[in-house]
1. Which of the residues belonging to segment 10-25 are aliphatic (A, V, I, L, M) and surrounded by 19 or more Cβ atoms within 10 Å (Cβ to Cβ)?
2. Return a yes/no flag: does segment 27-46 have any residue that is buried (at least 17 other Cβ atoms within 10 Å of the Cβ) and at pLDDT 85 or above.
3. Restricting segment 53-71 to residues that are assigned to a loop (DSSP other than H, G, I, E, B) and of a type outside the set (Lys, Arg), which is surrounded by the most Cβ atoms within 10 Å (Cβ to Cβ)?
4. Given Leu79, Leu7, which one is surrounded by fewer than 17 Cβ atoms within 10 Å (Cβ to Cβ), modelled with pLDDT under 95, touching a Cys at 6+ places or on another chain (Cβ under 8 Å) and closer than 23 Å to Ser114 by Cβ?
Amino acid sequence: MRQHRWLNQGQPQTLIGACFLLYLNAILTLLFALGSSFAGLAGLDLVILLIGVAAAYQIANERRWGYYLGITVAILPFLLRAVFNYNHNPFGGADPITLIFEFLLLGLLLHNQSREYEKVWFK
């Protein structure tokens, strides 16, 4: 019988941290959207939020496609800022705290422990 998990404590710390950051990103995105002056989420924010939660859930359940989806979600903000950088600021004008968390998520997913665990155990 298959057990479904939101967080898998048997995985390396790097993957546990990545799942936690993906969930935290979704929660903070919802909270900031609800507390802002405009109602609701923008369409792209909602898509990234849902994909991030799906990636974290699939990583916790050791699915290879979820790992690659998580990497995609981690790279996506950098790509979007590069494409839509109208004011030509470095890193698209993102604040330093946001950049730290984005680099941390990408680093955790691409860490050697995460990649080795994914190669051996993910289906």
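1. Going through segment 10-25, the residues aliphatic (A, V, I, L, M) turn out to be 15-16, 18, 21-22, 24.
Of everything in segment 10-25, those that are aliphatic (A, V, I, L, M) and surrounded by 19 or more Cβ atoms within 10 Å (Cβ to Cβ) turn out to be Leu15, Ala18, Leu21, Leu22.
2. The answer is no, given that none of the residues of segment 27-46 is buried (at least 17 other Cβ atoms within 10 Å of the Cβ) and at pLDDT 85 or above.
3. Glu62
4. Numbers: Leu79 fails: touching a Cys at 6+ places or on another chain (Cβ under 8 Å).
Unique residue meeting the criteria: Leu7.
The values are calculated or read from the model by the stated rules, or taken from the named source; none is laboratory data. Just so we're clear, the structure is a prediction, and the values are computed from it rather than from any experiment. Ideal geometry is used to build each Cβ from the backbone, glycine not excepted, and the neighbour counts take in all protein chains shown.
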